[in-house]
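*Asks:* Submitted below is the structure of interest, expressed as structure tokens.
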Amino acid sequence: MNIDSPILLPRNNGRPSLRKWAAVHIEKHIPHLTGTHEDELFYRCVIDDLSGAVLINCCMTDCKYNIQEVEHMQNVVMGLDCQHFSNVELSEKAFDYMALLLVRTRGNTDKRLKIIEALGGKEKVRDLLNARYPGNEV
């Protein structure tokens with residue numbers, strides 16, 4: 001695809017947005033996205049492993065994070081905003097691991113307890129937090 005031409009993207013408000021991207025990835029299966037990516041468009045891609053990825057100003061609209069192991073989400077650096085994370089689909093494990101980040105914070109105790117309940121209770125959360133991954137051998 002010619003990345004010298006702007007790509008028309010739908011915005012949440014219904015108005016189109018033109019933007020030039022450093023790289024364009026459309027409807028690709030990406031087994032392991034690693035390295036640094038800046039100003040790249042990922043559209044309707046399936047990504048199995050994000051470990052070690054650095055995503056700066058990247059658009060992930062309509063992508064699926066098909067994460068199956070906690071180590072596939074470790075050491076990821078990415079900026080998140082509503083427009084560029086729009087309609088991203090998370091596998092069940094990816095959703096659980098992202099929710100665990102909220103559980104590990106302070107404050108909002110009532111909300112964090114609801115997240116723990118939604119994840120399957122204290123036992124399930126303990127199992128998720130003690131998952132086997134490099135550096136945390138159970």
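The values are calculated or read from the model by the stated rules, or taken from the named source; none is laboratory data. Note that the structure is predicted; figures quoted are calculated from it, not measured. Note that each Cβ is placed from the backbone with ideal geometry, even for glycine, and that neighbours are counted across all protein chains shown.
*Asks:* If we scan the stretch 90-113, do we find a residue that is at pLDDT below 90, outside any loop (DSSP other than H, G, I, E, B), assigned by TED's automatic domain parsing to the domain that holds Glu123 and in contact with a Ser or Thr (Cβ under 9 Å, 6 or more places away or on another chain)?
*Replies:* yes
*Asks:* What number of residues in the stretch 37-79 are buried (at least 19 other Cβ atoms within 10 Å of the Cβ) and among the aromatic types (Phe, Trp, Tyr)?
*Replies:* Total satisfying the criteria: 2.
*Asks:* Taking into account only those residues within the stretch 19-42 that are under 17 Å from the mean Cα position of the chain (by Cα) and in a loop (DSSP other than H, G, I, E, B), which is nearest to Ile56 (Cα to Cα)?
*Replies:* Applying the filter and picking the extreme gives Asp39.
*Asks:* Could you run through the stretch 43-65 and say how many residues are in a loop (DSSP other than H, G, I, E, B) and either at positive phi or touching a strand residue (DSSP E or B) at 6+ places or on another chain (Cβ under 6 Å) (or both)? Step through it out loud before you land on a result.
*Replies:* First pass over the stretch 43-65, keeping only residues in a loop (DSSP other than H, G, I, E, B): 44-45, 48-52, 57-58, 60-63.
In the following step, the residues that additionally are either at positive phi or touching a strand residue (DSSP E or B) at 6+ places or on another chain (Cβ under 6 Å) (or both) were identified as 44-45, 52, 57-58, 60-63.
Final tally of qualifying residues: 9.
*Asks:* Any residue in the stretch 63-75 that's without any contact (Cβ under 8 Å) to a residue 40 or more places away in the chain: show its pairings with residues that are of a type in the set (D, E, K, R) and assigned to a helix (DSSP H, G or I) at Cβ separation under 6 Å, as long as the two are six or more apart or on different chains.
*Replies:* Ile67/Lys93; Gln68/Lys93
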